[in-house]
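To start, the structure under review is shown below, and the notes come after it.
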Amino acid sequence: MSVIDSLSADELLADQDWWRIYDDSFPASERESPEVIAKSIAQGVGIALRARCEGMTIGLATTHILMDPPAVFLVYLAVDGRQRSRGTGGELMNRAWELGKAHLLERGLRPLGCVWEVDPPETQAADAEARLRRVAFFQRHGGQLLNRPYMQPPVNGTTAIPMSLMFMPASKGEPLTSEVVEGLVRAMYFEKYGAINEIDKEVLHGLLGWR
């Protein structure tokens with residue numbers, strides 16, 4: 001069983017194992033700078049978690065708290081390759097959701113659920129098996145694929161990436177309308193990528209209409 005704790009910006013920047021796992025788990029085109037993640041924590045809208053076992057960081061997660069509509073955006077989730085299939089990823093996801101949900105409830109907002117991006121589960125992709133495995137992991141933890149076409153904004157400053165969206169509702173059986181999905185995407189774009197990553201609003205407006 002791992003121990004999961006929430007990090008301050010300074011603690012995050014100082015944890016070299018956290019950043020090693022981060023660099024190993026995500027391609028450069030999908031990685032935000034350390035300064036961006038630290039900024040979200042400092043502004044009170046981001047949460048960074050680490051899972052530790054025997055004093056060593058073995059997993060990570062980050063979230064952004066969306067206000068309109070209220071939801072938790074799971075931005076990153078990763079576990080050290082040598083530590084997978086031991087339940088750590090599920091523990092991190094559950095903790096990220098619970099902390100984000102509590103943050104919204106403290107502000108008098110009722111969270112709709114948790115939303116996140118995944119590589120499209122395309123069977124023709126070079127890493128098709130890994131993509132399908134990630135989607136299956138999230139489905140086991142209550143996530144569902146959304147059929148809205150989606151483009152991840154250029155977090156590296158140059159490259160927007162076609163992705164798929166997944167969503168875990170706060171209450172099972174609660175319908176997710178197309179209007180709510182559009183609201184979630186808009187919040188992800190402007191509350192997170194615009195306000196924190198400082199991606200140009202014109203770029204984000206252009207991506208909203210991508211199909």
Exercise for the section: Taking the Cα centre of the stretch 3-208 as origin, work out the dipole magnitude from +1 charges on Lys and Arg Cβ and -1 charges on Asp and Glu Cβ, in debye rounded to 20. Expected result: 600
Completion exercise
Given Cβ charges of +1 for Lys and Arg and -1 for Asp and Glu, the option among V118, N94, G206 whose Cα lies farthest towards the positive end of the dipole of the chain is N94
Fill in the blank from the handout: Summing +1 per Lys or Arg and -1 per Asp or Glu among the other residues with Cβ less than 10 Å from I161's Cβ gives -3
Fill in the blank from the handout: Computed on Cα atoms, the radius of gyration and Dmax of the chain in angstrom are 16.2, 47
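Let me check against my output: what whole-number percent is the relative contact order of the stretch 3-208, with C-alpha pairs under 8 Å and at least 6 apart?
It rounds to 19 percent for the stretch 3-208.
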Completion exercise
Rounded to the nearest 500, the 222 nm mean residue ellipticity computed for the chain from DSSP H runs (n ≥ 4, each -39500 (n - 2.57)) alone is -10500 deg cm²/dmol
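Bear in mind that the values in this text are calculations on the coordinates, not laboratory data. Here the structure is a predicted model, which means the values were calculated and not measured. Using ideal geometry, Cβ is built from the backbone for each residue, glycine included, and neighbour counts are taken over all protein chains shown.
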